Every structure is written in C-alpha cells, then in structure tokens.
1. Quick check: anything in segment A:350-360 under 34 Å from the mean Cα position of the chain (by Cα) and at pLDDT 90 or above?
2. Tally up the residues in segment B:105-119 that are exposed (fewer than 15 other Cβ atoms within 10 Å of the Cβ) and of a type in the set (Gly, Ala, Ser), please.
3. Just to be sure, is residue B:234 farther than 20 Å from residue B:44 by Cβ and within 14 Å of chain A (Cβ to nearest Cβ)?
4. Just name the residue that is surrounded by the most Cβ atoms within 10 Å (Cβ to Cβ) out of those in segment A:365-377 that are at the interface with chain B (Cβ under 7 Å from one of its Cβ atoms) and hydroxyl-bearing (Ser, Thr, Tyr).
5. Just wondering, is there one or more residues in segment A:123-133 that are within 18 Å of residue A:257 (Cα to Cα) and outside the structural domain of residue A:257 (by TED's automatic domain parsing)?
6. Could you go through segment B:172-191 and let me know if any residue there is more than 11 Å from every other protein chain (Cβ to nearest Cβ) and either assigned to a helix (DSSP H, G or I) or not aromatic (Phe, Trp, Tyr) (or both).
7. Looking at residue A:399, is it in contact with a Ser or Thr (Cβ under 8 Å, 6 or more places away or on another chain), at the interface with chain B (Cβ under 7 Å from one of its Cβ atoms) and not aromatic (Phe, Trp, Tyr)?
8. Would a scan of segment B:42-52 turn up a residue that is β-branched (Val, Ile, Thr), assigned to a helix (DSSP H, G or I) and in contact (Cβ under 8 Å) with a residue 60 or more places away in the chain?
Amino acid sequence: MIRIRLNITVLLITLLTASVAGSKEITVCSTCGVTTIAQALAESSDGDVIILKPGIYKEHSLTVANRIELRADEGAVLDADKKGPGITIKHDSVRIAGLTIRNVDVSYINDLSAVMVDNVSGCVIERNVIEDTFFAIYLAGSSMCKVEGNRIQGQAKTESSSGNGIHLWKCSAMYVADNQITGHRDGIYLEFVSSSSIRGNYSGRNLRYGLHFMFSDSNSYSGNTFENNGAGVAVMYSKFIKMTGNTFKNNWGESAYGLLLKELYDGLLEDNLFFRNTAAIHVEGSNRIEIVRNDFIENGWALYLLGNSYENKVTANNFINNTFDVSSNSSRNNNFYSENYWDKYKGYDLNRDGTGDVPYRPVSLFSVILEKSPESIIMLRSVAVDILDAIERVIPSVIPETLIDDRPKFTRYSNDRDKGTS
Amino acid sequence: MNITILKYIFFELLRSRFVISYAVFLAAISAGVAYFSNDELKTSLTLLNVVLFIVPLVSLIFGSIHFYDSEEFIEFLLTQPISRNTVFRAEFLALASSLSIAAVAGLIPALILNGISSTFIFLLFISASLSFIFTGLAFLSSSMNSEKVRGIGLSIIIWLLMSVLFDLIVVLLIVVFSNYPLERFIIIVTALNPIDLGRILILLKTDASAMMGFTGASFKDFFGSTAGMIASAFSLVMWALIPYLFAIRTFRRKNF
C-alpha cells in the first residue's frame, strides 16, 4: 500500500515536472500506475518518454500516434503472442530503443511486423531485439529514419511463409546500420528506396537474399557481411549503387550467388571480398559497372557475365583459387579487363615492371563448353579437361578472342581483406 | 587355394624397392599437400587428382613389368603340381593388394595431418579399388602379349585411353548431342570408366557438387541413392573381375 502510494507520488512529481517542462515521463511496469504499453501510449502526448521496466507485456497491435520516445530497459519484452502485429508508428520523429519484441505470427493477408513505420518522416529504431516475427521492421513511405544496432532473429522455414528482416518500401534517406539479421526471407529488402545508406550489417542464414534491391536508385551499402544466405545480395533494376568494403561469404549452393546484378546501371563495386560463393558475381543486363580492387577467393565462378552486359570495367582485382575466373555465354566481349591479378596466369615479366608481358585470357575452354552443354560439368577436375584448357590457352580458337587482360598484374595485390578467408 | 605362394609373393613385393618407393612418393605428396592446405576438403580434392592420375599408371606399368619379370618364376612354379589358376590368382592378389596397401599407406600422412573425414575414407577406398582394377588390366595386357615391350605398350595405351581419351570423347559426345537429354546417358557412360566413377563419387561428396547446378543435382540424386551406390560398387567390382577373368583365361591357354 505504501509502495503504491509512493509510486503515485513519484508519478505525480514526475508528471508535475514533466508538464512544467512540456513533456513527461511515463513508467510502465506491472506494479506501476501504468501497467500496459497501450495505456501508456494512450496517455502520452508529444514529447513524452515512455520507460518500459523489465517484464513481459502480452500486447499487440499498438499504435504510436504522438511524437514520443519508447525506452525499454533490458528484459522488457513485448510478446504479441501470435495475435497480431507489434507496434505501428504513425507519427514523425518517434524513437524506440532497447525493446525486445517476440512472436508475430505469419499472415498471408497482412504484412504483420514487429515494428511498422507508416508514412512518417524521421524515426529512430535502435538496439531492439526482435525474435520469431513474420516481418521484423517494416518501413513504408517514410524518410530519414535510423535503424541501428537491432538484433533480428527469425525462424523462416519456406520463402512463401516468411517475411523480410528489415523491409523498406518507398522510402528515402534511410540509414540502416550495424544490425544483425538471421533466419528471414530477405535480410534487408529495399523497393523504391533512394538515397539511403546500409552499413556494417550482418545478414546471414536468410532463405533468399542477404540484401535485396528492387527499383532503388542512388543507394550505397558498405562494410556489410553476407554469409550463408540463399544468395548473398541481389541488386535489380537500379541505378547508381555504390557497393564498397562488403564481405560476401559462403553463399554456397546449387543456385547461390555472392552478388547478383540484374539491370543495374552505373554501379561501383570496390574493395569487396568474395569468398567461397558458387558464383561470386552474376551479371545480367548490367552496364557501366566498375569492379575495382575486389578479392575473389575460392569461388566456383568468380565472374559470370552474360552477353547482354556492356562496358563494365574489371580492374585491379585479385582472382585466387577460383574454379572459373570469368565465364560468359557470349563469344564476344563487350567489357573491359585490365591490371587484375590472376593466379592461373602463366606468363612472364621480363622487364620487371610488375605487369605480365603476355596478355591473360580469363575464360577457359571448359567454361565455354560448359556454357553450351551444362552436362559436361561431369568432367569437372578431369585431367583431360585440364589438358584441353592448357592447349586452348596457347592457341586460342574457341574462347572469346577479345576477352583478354592486356596488362595482368604479376603479383597479388596486397590488402588485409583476406583475413576474412580463414 | 594355396596360401603359401600368395604369402611368399606378397611379402616379396612389399619388401621390393619399387613398392616402398611408390608408397614413400605418395606419402611425400600427401604430406606436402596436407601441410600446405590445412583444409581436409581441399586436401582430398588435390589428392584425388593425384590418385586418379598416378594409381592407374603405376598399377598398369608396374603390373606389366612385374608380370614379365616373374615369368621365369611362374614357369618354375608351373613345373610343380600346382594349377595355373592358383599361380595366377596368387600373383594377382599379391600384387594388387601390395599396391593397394602402398597407395593407402601413402595417403595416411594426410589423414594424420588433417584428421579423418568421410571424403577421405572414400578416397582411400577409391585408390585401393583402382589398384585392383588396373593390376587386373595390366595382367590382361601382359598375358596377351608374350613380348615385354608390346605388353607394356598396351598398358600405357590403356592408361591413356581411360584417363584422358575417354573423357575427351565423352566431352565431344556431350557437345555434339547437347540438344538431347543426356543425364542418363552420362551416368551410364561414367560408370563405364572406373577413373571417372571415382572422381565423381568423391566430387559429389565435397562441396564442389554445388557447382554442378541442375545437372549435378540429377547426378547426386543417382549416385547418392542406395541404388546408385550399389551400381557404382558393382561397376568397380566388375572392372576388377572381368579383366582378371579374361586374363586368367588367356593365361591358362598360354604356351610357356
């Protein structure tokens, strides 16, 4: 009794001071005056801070309609109990931090999510833990939001019954950083998103893509790690994408890519590491992409460029221990290769200027044969095929005549990115 | 069956300079590969190429040489009351098993350095069966030719045919008939060549199989199934048995 009275006095005092300052603090806990988040949200007005004390709150379908800040202590859990979505933000400049949200059920009608951001400008969603939800963070029609340091863990089983980790639809100027996303359909999904930055995230064990771009121009992603996803990153129908310093790792499987570029124009791909992907980069109908200073290590195919890609520049990369360096379905070459280091290069450097004196042909005869008849993969690692390749390199007749690196680098470019390969 | 002759030849061979240096040579390679790669899968893949290249070659050439070198000994044995079958069987089993032991022993250093894995056990199994198969083929070619040079020449041709030319012909067929569904045909064809069979069985065990895409999936479906396993084991046994039976037939009719 005394405690409650004390709490009420504390509350009154805070209310009093808050109203003096123009904003108040609402504390929510099982023994406080306010016991549910819904109640706190209803009582709040612009500028208020809701403090969530540890405890499990079995609530769902919450709506934030004021400019508030929801600050959760460690151990505060919002459990939607598979009854509906978590929180929907419908007002500008809302901040949600430190909250754990659980159990948002799969729906085939609505995009149920733990946090939904609906048509607002400016929001901060940070340091939250989101477990077992359909969509985790869903941002629609919004701009200038920061999604940072969240830990998102899904239990996706099939692509059709799972949602995306961080889903951005029709947004601009978003900042998505240092999140950890596992077990969803796409780790991060962008559709009609522009001028946004995605950095330092870890996206792994997602069913489809680690990061997925659709119709999203002028974005950049850097310093992210994509590991063990169905496929690493897919960039489709977009322009002006900057991709730097990312790690694409162990995206291995029958139809897995490290990076899939489809109809991407004017991209920059720099300082990335591609390690153990079935196909490190699969390029389809993409033009004017600069692929510079990347490391391709132990991939099945390092570069798979379809014939409908033009004027891409591949320079100063390391190609090490890939089964196939470059593969194409076309006998013409519309792209430019120069100054790369190829570990299969057998030439010499008489004047010791660091550049090989004879050009290198990165396409092997076997990869050309494979392109015509995929069944011949059965001869992978056969001695006969190695002999064929060696002969063809000396006297080329089948491999694309113009697909050459005129100035192959004689020694490997050194950088410390290959630390990631251990 | 007379074990005494088998035992005698077997230990004689195990002590021979050639078999010992063969084992040491393989051991040096496998230790080197394992030491520098540190990854048991990569080691298995590299050693697979070594095994597929060297084991058939050594078994064929040394098998032929051994057969011709022990001609006098065989003639001497045949003057005793021992059947030709017994003598031939002893020779074959002694040589094939000593070569298998040498090959397996040569791969052991990699096992010690990189640890045990199912892929590697498979590799050991493949190298032992290839030793048996190609010793049988060596004996066939030598018992068919009384002249040493021709016999060894035929062995070399067999090796070339099976490890290089066969694959080239298959690739050619695949390219020429690429408009037809070939999966089933290729599975049958590869089962016809023990070297290819060994290569594919190992490749499908490693993560290189993911590169094989859709086509690989159908191979994996077959070779990974019990039926596929039985079929490939059957093919390997047949490859060891049929040349041996033909060789023993020629040997029985041979004029000494």
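The values are calculated or read from the model by the stated rules, or taken from the named source; none is laboratory data. Small disclaimer: the values here were computed from a predicted structure and weren't measured. Ideal geometry is used to build each Cβ from the backbone, glycine not excepted, and the neighbour counts take in all protein chains shown.
1. Taking segment A:350-360 and keeping what is under 34 Å from the mean Cα position of the chain (by Cα), we get A:360.
Restricting the remaining residues to those that are at pLDDT 90 or above gives A:360.
Yes; the residues of segment A:350-360 include at least one that is under 34 Å from the mean Cα position of the chain (by Cα) and at pLDDT 90 or above.
2. The initial filter retains those residues of segment B:105-119 that are exposed (fewer than 15 other Cβ atoms within 10 Å of the Cβ), namely B:112, B:115-116, B:118.
So of that shortlist, the ones also of a type in the set (Gly, Ala, Ser) come out as B:115, B:118.
The number of residues fulfilling the criteria is 2.
3. Values: farther than 20 Å from residue B:44 by Cβ: yes; within 14 Å of chain A (Cβ to nearest Cβ): no.
It is false that residue B:234 is farther than 20 Å from residue B:44 by Cβ and within 14 Å of chain A (Cβ to nearest Cβ).
4. Step one: filter segment A:365-377 for residues at the interface with chain B (Cβ under 7 Å from one of its Cβ atoms), giving A:369, A:372-377.
Next, from what is left, pick out any that are hydroxyl-bearing (Ser, Thr, Tyr): A:373, A:376.
Working: A:373: 18, A:376: 25.
This residue is A:376.
5. Residues of segment A:123-133 within 18 Å of residue A:257 (Cα to Cα): none.
No, that holds for no residue.
6. yes
7. Working: in contact with a Ser or Thr (Cβ under 8 Å, 6 or more places away or on another chain): yes; at the interface with chain B (Cβ under 7 Å from one of its Cβ atoms): no; not aromatic (Phe, Trp, Tyr): yes.
In short, no.
8. The answer is yes, given that some residue of segment B:42-52 is β-branched (Val, Ile, Thr), assigned to a helix (DSSP H, G or I) and in contact (Cβ under 8 Å) with a residue 60 or more places away in the chain.
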